[in-house]
1. Please enumerate the residues belonging to the stretch 111-128 that are surrounded by 15 or more Cβ atoms within 10 Å (Cβ to Cβ) and either polar (S, T, N, Q) or closer than 11 Å to ARG152 by Cβ (or both).
2. Of all residues in the stretch 156-189, which are of a type in the set (Lys, Arg), under 16 Å from SER202 (Cβ atoms) and without any contact (Cβ under 8 Å) to a residue 40 or more places away in the chain?
3. Which one is nearest to GLN80 (Cα to Cα) among residues in the stretch 97-134 that are outside any loop (DSSP other than H, G, I, E, B) and of a type in the set (S, T, N, Q)?
4. Quick check: is even one residue across the stretch 22-40 closer than 17 Å to MET218 by Cα, in a loop (DSSP other than H, G, I, E, B) and touching a helix residue (DSSP H, G or I) at 6+ places or on another chain (Cβ under 8 Å)?
5. Have a look at GLY243, GLY221, GLY260, GLY273 and point out the one that is at positive phi and more than 22 Å from the chain's Cα centre (by Cα).
6. With (1) surrounded by 14 or more Cβ atoms within 10 Å (Cβ to Cβ); (2) at positive phi as the list, and VAL89 as the residue in question, which single condition is left unmet?
7. Tell me, which residue of the stretch 223-252 that is crowded, with 16+ Cβ neighbours inside 10 Å and among the polar types (S, T, N, Q) is modelled with the highest pLDDT?
8. So which strands (runs of 3 or more DSSP E) stay within the stretch 160-267 end to end and still have 1 or more residues that are outside the structural domain of SER48 (by TED's automatic domain parsing), closer than 30 Å to GLN80 by Cα and not aliphatic (A, V, I, L, M)?
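The values are calculated or read from the model by the stated rules, or taken from the named source; none is laboratory data. Treat the numbers as computed from the prediction; the structure is a model and nothing was measured. Methodologically, a virtual Cβ is constructed for each residue, glycine included, from the backbone with ideal geometry; neighbour enumeration extends over all protein chains shown.
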Amino acid sequence: MPIIQTEDLTYLYGVGTPFEKTALNHINLSIEEGEFVGVIGHTGSGKSTLLQHFNGLIKPSAGRVLIDGKDIWEKGANRQALRFSVGLVFQYPEYQIFEETVYKDVAFGPRNMGLSEKEVDIRVREAATFSGVEDSWLEKSPFALSGGQKRRVAIAGVLAMRPKVLILDEPAAGLDPRGRDAILDRICDYQRTQGTTVLLVSHSMEDIARIATRVLVMDKGSTAFYGDVSTVFSHAKELLSMGLDVPQITRVFMRLHEMGLPVQPSIYTVEQGKNEILRVLKERET
(Lines give C-alpha, C1' and ligand atoms only; values in the text may rest on other atoms or scores of the structure.)
Protein backbone atom coordinates (compact mmCIF):
# COMPACT_ATOMS: atom_id res chain seq x y z
CA MET A 1 0.00 0.00 0.00
CA PRO A 2 1.35 3.49 -0.83
CA ILE A 3 2.33 5.56 2.19
CA ILE A 4 1.04 8.79 0.56
CA GLN A 5 -1.93 9.09 -1.77
CA THR A 6 -3.93 12.03 -3.05
CA GLU A 7 -7.27 11.73 -4.78
CA ASP A 8 -8.36 14.72 -6.88
CA LEU A 9 -6.61 16.99 -4.39
CA THR A 10 -7.55 20.59 -5.10
CA TYR A 11 -6.68 23.73 -3.18
CA LEU A 12 -7.82 27.31 -3.78
CA TYR A 13 -6.29 30.42 -2.28
CA GLY A 14 -8.44 33.48 -1.51
CA VAL A 15 -11.78 31.76 -2.05
CA GLY A 16 -14.57 34.25 -2.69
CA THR A 17 -12.22 37.17 -3.26
CA PRO A 18 -10.98 38.82 -6.48
CA PHE A 19 -7.63 37.14 -5.78
CA GLU A 20 -8.95 33.58 -5.85
CA LYS A 21 -6.40 31.25 -7.40
CA THR A 22 -6.15 27.51 -7.95
CA ALA A 23 -2.90 26.39 -6.33
CA LEU A 24 -3.49 22.63 -6.78
CA ASN A 25 -5.71 21.24 -9.51
CA HIS A 26 -7.02 17.66 -9.13
CA ILE A 27 -3.75 16.05 -8.03
CA ASN A 28 -3.75 12.24 -8.12
CA LEU A 29 -0.51 10.89 -6.71
CA SER A 30 0.75 7.66 -5.15
CA ILE A 31 4.10 7.45 -3.34
CA GLU A 32 5.38 4.10 -2.13
CA GLU A 33 7.03 3.59 1.26
CA GLY A 34 10.81 3.97 1.25
CA GLU A 35 11.03 6.13 -1.89
CA PHE A 36 13.36 9.12 -2.10
CA VAL A 37 11.35 11.59 -4.18
CA GLY A 38 12.90 14.74 -5.59
CA VAL A 39 10.28 17.48 -6.01
CA ILE A 40 10.91 20.18 -8.62
CA GLY A 41 8.93 23.04 -10.11
CA HIS A 42 9.28 26.74 -10.69
CA THR A 43 8.14 29.29 -8.07
CA GLY A 44 4.37 29.20 -7.82
CA SER A 45 4.04 25.70 -9.31
CA GLY A 46 2.32 24.39 -6.17
CA LYS A 47 5.05 22.14 -4.80
CA SER A 48 5.25 23.70 -1.31
CA THR A 49 1.45 23.87 -1.05
CA LEU A 50 1.25 20.18 -1.96
CA LEU A 51 3.81 19.16 0.65
CA GLN A 52 2.06 21.11 3.40
CA HIS A 53 -1.08 19.06 2.74
CA PHE A 54 0.77 15.86 3.63
CA ASN A 55 1.02 16.65 7.33
CA GLY A 56 -2.25 18.52 7.64
CA LEU A 57 -0.98 22.09 7.72
CA ILE A 58 -3.43 22.92 4.93
CA LYS A 59 -6.92 21.47 4.46
CA PRO A 60 -7.91 20.57 0.88
CA SER A 61 -10.60 22.62 -0.83
CA ALA A 62 -11.64 19.34 -2.46
CA GLY A 63 -10.34 15.80 -2.72
CA ARG A 64 -8.53 13.66 -0.18
CA VAL A 65 -5.06 13.11 1.29
CA LEU A 66 -4.35 9.62 2.62
CA ILE A 67 -1.38 8.66 4.78
CA ASP A 68 -0.97 4.91 5.29
CA GLY A 69 -4.38 4.49 3.67
CA LYS A 70 -6.20 6.80 6.11
CA ASP A 71 -7.89 10.06 5.15
CA ILE A 72 -6.18 12.64 7.35
CA TRP A 73 -9.25 14.91 7.37
CA GLU A 74 -11.91 12.32 8.09
CA LYS A 75 -13.92 12.74 11.28
CA GLY A 76 -11.91 11.66 14.32
CA ALA A 77 -8.54 11.68 12.54
CA ASN A 78 -5.62 12.36 14.90
CA ARG A 79 -3.68 15.11 13.13
CA GLN A 80 -1.33 15.63 16.07
CA ALA A 81 -0.12 12.05 15.70
CA LEU A 82 0.06 12.64 11.94
CA ARG A 83 2.54 15.48 12.42
CA PHE A 84 4.80 13.20 14.44
CA SER A 85 4.58 10.63 11.63
CA VAL A 86 5.09 13.10 8.77
CA GLY A 87 7.96 15.43 9.64
CA LEU A 88 8.28 18.71 7.74
CA VAL A 89 11.49 20.73 7.55
CA PHE A 90 10.78 24.15 6.09
CA GLN A 91 13.08 26.18 3.86
CA TYR A 92 15.63 27.90 6.12
CA PRO A 93 14.83 25.46 8.94
CA GLU A 94 17.03 27.34 11.41
CA TYR A 95 14.00 29.62 11.87
CA GLN A 96 12.27 26.63 13.50
CA ILE A 97 14.76 26.79 16.38
CA PHE A 98 13.51 28.44 19.58
CA GLU A 99 14.75 26.64 22.74
CA GLU A 100 17.57 27.84 25.00
CA THR A 101 19.83 24.83 24.34
CA VAL A 102 20.39 22.53 21.39
CA TYR A 103 19.43 19.53 23.53
CA LYS A 104 16.06 21.06 24.51
CA ASP A 105 15.33 22.02 20.94
CA VAL A 106 15.95 18.52 19.58
CA ALA A 107 14.02 17.04 22.53
CA PHE A 108 10.94 19.23 22.01
CA GLY A 109 9.17 16.88 19.59
CA PRO A 110 9.79 13.62 21.48
CA ARG A 111 8.68 15.24 24.76
CA ASN A 112 5.43 16.34 23.13
CA MET A 113 4.93 12.75 22.05
CA GLY A 114 4.71 11.86 25.74
CA LEU A 115 7.84 9.72 25.78
CA SER A 116 9.86 8.99 28.93
CA GLU A 117 12.96 11.08 29.57
CA LYS A 118 15.09 8.00 28.94
CA GLU A 119 13.52 7.50 25.51
CA VAL A 120 13.75 11.23 24.79
CA ASP A 121 17.48 11.14 25.56
CA ILE A 122 17.98 8.13 23.28
CA ARG A 123 16.19 9.88 20.44
CA VAL A 124 18.01 13.18 20.90
CA ARG A 125 21.42 11.52 20.72
CA GLU A 126 20.40 9.26 17.83
CA ALA A 127 19.04 12.21 15.82
CA ALA A 128 22.10 14.29 16.65
CA THR A 129 24.35 11.56 15.26
CA PHE A 130 22.33 11.23 12.06
CA SER A 131 22.26 14.96 11.38
CA GLY A 132 25.88 15.66 12.35
CA VAL A 133 25.15 17.55 15.57
CA GLU A 134 28.19 17.16 17.80
CA ASP A 135 27.85 16.25 21.49
CA SER A 136 29.69 19.45 22.44
CA TRP A 137 26.87 21.52 20.95
CA LEU A 138 24.05 19.99 22.99
CA GLU A 139 24.30 22.32 25.98
CA LYS A 140 25.02 25.40 23.88
CA SER A 141 22.49 27.96 22.75
CA PRO A 142 21.50 27.06 19.18
CA PHE A 143 21.70 30.76 18.35
CA ALA A 144 25.44 30.69 19.00
CA LEU A 145 25.98 28.23 16.15
CA SER A 146 26.75 28.91 12.51
CA GLY A 147 24.03 28.82 9.86
CA GLY A 148 24.90 25.31 8.71
CA GLN A 149 25.10 24.06 12.30
CA LYS A 150 21.68 25.56 13.12
CA ARG A 151 20.24 23.79 10.12
CA ARG A 152 21.55 20.45 11.36
CA VAL A 153 19.95 21.11 14.75
CA ALA A 154 16.59 21.90 13.13
CA ILE A 155 16.73 18.71 11.04
CA ALA A 156 17.70 16.71 14.14
CA GLY A 157 14.58 18.05 15.89
CA VAL A 158 12.42 16.48 13.19
CA LEU A 159 14.42 13.23 12.98
CA ALA A 160 14.08 12.78 16.75
CA MET A 161 10.36 12.07 16.22
CA ARG A 162 11.34 9.18 13.90
CA PRO A 163 8.84 10.16 11.23
CA LYS A 164 7.74 7.60 8.66
CA VAL A 165 7.79 10.39 6.07
CA LEU A 166 10.41 13.16 6.03
CA ILE A 167 9.62 16.23 3.92
CA LEU A 168 12.35 18.79 3.31
CA ASP A 169 11.70 22.05 1.48
CA GLU A 170 15.07 23.29 0.14
CA PRO A 171 16.97 22.25 3.30
CA ALA A 172 20.32 23.31 1.82
CA ALA A 173 19.22 26.72 0.51
CA GLY A 174 21.78 29.45 1.11
CA LEU A 175 24.58 27.12 2.20
CA ASP A 176 27.99 26.97 0.54
CA PRO A 177 28.67 23.87 -1.61
CA ARG A 178 30.46 22.02 1.19
CA GLY A 179 27.66 22.72 3.68
CA ARG A 180 25.02 21.75 1.14
CA ASP A 181 26.71 18.45 0.34
CA ALA A 182 27.14 17.68 4.04
CA ILE A 183 23.42 18.21 4.75
CA LEU A 184 22.26 16.20 1.75
CA ASP A 185 24.69 13.35 2.44
CA ARG A 186 23.36 13.10 6.01
CA ILE A 187 19.79 12.95 4.71
CA CYS A 188 20.74 10.22 2.23
CA ASP A 189 22.47 8.19 4.96
CA TYR A 190 19.39 8.51 7.19
CA GLN A 191 17.01 7.45 4.42
CA ARG A 192 19.18 4.51 3.44
CA THR A 193 19.60 3.15 6.98
CA GLN A 194 16.08 3.85 8.27
CA GLY A 195 14.03 3.16 5.14
CA THR A 196 12.14 6.41 5.66
CA THR A 197 10.15 7.89 2.79
CA VAL A 198 11.78 11.22 1.87
CA LEU A 199 10.41 14.06 -0.24
CA LEU A 200 13.04 16.68 -1.03
CA VAL A 201 12.41 19.99 -2.79
CA SER A 202 15.48 21.34 -4.54
CA HIS A 203 16.31 23.71 -7.39
CA SER A 204 19.55 21.81 -8.01
CA MET A 205 18.91 19.29 -10.74
CA GLU A 206 22.34 17.78 -10.12
CA ASP A 207 21.39 17.05 -6.52
CA ILE A 208 18.05 15.55 -7.54
CA ALA A 209 19.69 13.38 -10.20
CA ARG A 210 22.33 12.19 -7.73
CA ILE A 211 20.21 11.26 -4.72
CA ALA A 212 16.55 10.73 -5.70
CA THR A 213 14.96 7.45 -6.80
CA ARG A 214 11.93 9.19 -8.31
CA VAL A 215 11.15 12.74 -9.43
CA LEU A 216 7.89 14.68 -9.13
CA VAL A 217 7.57 17.68 -11.44
CA MET A 218 4.96 20.32 -10.55
CA ASP A 219 3.72 22.84 -13.10
CA LYS A 220 0.84 25.31 -12.74
CA GLY A 221 -0.68 23.40 -9.84
CA SER A 222 -0.61 20.04 -11.59
CA THR A 223 1.75 17.06 -11.74
CA ALA A 224 3.56 17.32 -15.07
CA PHE A 225 5.68 14.20 -14.56
CA TYR A 226 6.19 11.59 -11.86
CA GLY A 227 8.49 8.65 -12.39
CA ASP A 228 11.99 7.29 -11.98
CA VAL A 229 14.86 9.71 -12.49
CA SER A 230 15.91 8.54 -15.94
CA THR A 231 12.35 8.66 -17.28
CA VAL A 232 11.68 12.19 -16.01
CA PHE A 233 14.99 13.64 -17.22
CA SER A 234 14.43 12.01 -20.63
CA HIS A 235 11.83 14.79 -21.01
CA ALA A 236 14.55 17.44 -20.83
CA LYS A 237 13.07 19.57 -23.63
CA GLU A 238 9.66 19.67 -21.93
CA LEU A 239 11.27 20.56 -18.59
CA LEU A 240 13.21 23.39 -20.20
CA SER A 241 10.01 24.67 -21.86
CA MET A 242 8.43 24.89 -18.38
CA GLY A 243 11.24 27.20 -17.28
CA LEU A 244 12.96 24.46 -15.30
CA ASP A 245 16.59 23.46 -15.53
CA VAL A 246 18.10 20.04 -16.19
CA PRO A 247 21.46 18.71 -15.01
CA GLN A 248 24.33 20.40 -16.82
CA ILE A 249 25.56 17.02 -18.07
CA THR A 250 22.13 16.51 -19.70
CA ARG A 251 22.51 19.78 -21.60
CA VAL A 252 25.94 18.64 -22.83
CA PHE A 253 24.65 15.32 -24.17
CA MET A 254 21.55 16.90 -25.70
CA ARG A 255 23.84 19.24 -27.63
CA LEU A 256 26.15 16.40 -28.70
CA HIS A 257 23.12 14.46 -29.93
CA GLU A 258 21.85 17.50 -31.86
CA MET A 259 25.30 17.77 -33.49
CA GLY A 260 24.85 14.26 -34.86
CA LEU A 261 27.07 12.33 -32.47
CA PRO A 262 25.73 8.81 -31.65
CA VAL A 263 25.14 9.46 -27.95
CA GLN A 264 22.01 9.07 -25.86
CA PRO A 265 20.64 12.52 -24.92
CA SER A 266 18.97 11.29 -21.70
CA ILE A 267 22.12 11.36 -19.56
CA TYR A 268 21.71 12.92 -16.14
CA THR A 269 24.84 12.07 -14.09
CA VAL A 270 28.55 12.44 -14.76
CA GLU A 271 29.02 8.70 -14.23
CA GLN A 272 26.44 7.96 -16.91
CA GLY A 273 28.15 10.45 -19.20
CA LYS A 274 31.50 8.74 -18.76
CA ASN A 275 29.99 5.33 -19.52
CA GLU A 276 28.20 6.66 -22.58
CA ILE A 277 31.40 8.14 -24.01
CA LEU A 278 33.25 4.87 -23.37
CA ARG A 279 30.44 2.98 -25.12
CA VAL A 280 30.67 5.21 -28.20
CA LEU A 281 34.48 4.92 -28.30
CA LYS A 282 34.31 1.15 -27.99
CA GLU A 283 31.79 0.90 -30.83
CA ARG A 284 34.04 3.00 -33.05
CA GLU A 285 37.00 0.73 -32.34
CA THR A 286 35.02 -2.26 -33.53
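1. Hits for the stretch 111-128 are ALA127, ALA128.
2. Across the stretch 156-189, the qualifying residue is only ARG180.
3. ASN112
4. Here is the first cut: in the stretch 22-40, the ones closer than 17 Å to MET218 by Cα are 22-31, 36-40.
Okay, now just the ones that are also in a loop (DSSP other than H, G, I, E, B), so none.
No.
5. Numbers: GLY243 fails: more than 22 Å from the chain's Cα centre (by Cα); GLY221 fails: more than 22 Å from the chain's Cα centre (by Cα); GLY273 fails: at positive phi.
Residue meeting the stated conditions: GLY260.
6. Condition not satisfied by VAL89: (2).
7. Our first condition is that a residue be crowded, with 16+ Cβ neighbours inside 10 Å; within the stretch 223-252, this holds for 223-226, 229, 232-236, 239, 242, 244-247, 249-251.
Pick out the ones that are also among the polar types (S, T, N, Q) and you get 223, 234, 250.
Values: THR223: 96, SER234: 86, THR250: 90.
By that ranking, first place goes to THR223.
8. Numbers: elements: 165-169, 197-201, 214-219, 222-228.
So the answer is none; nothing clears 1.
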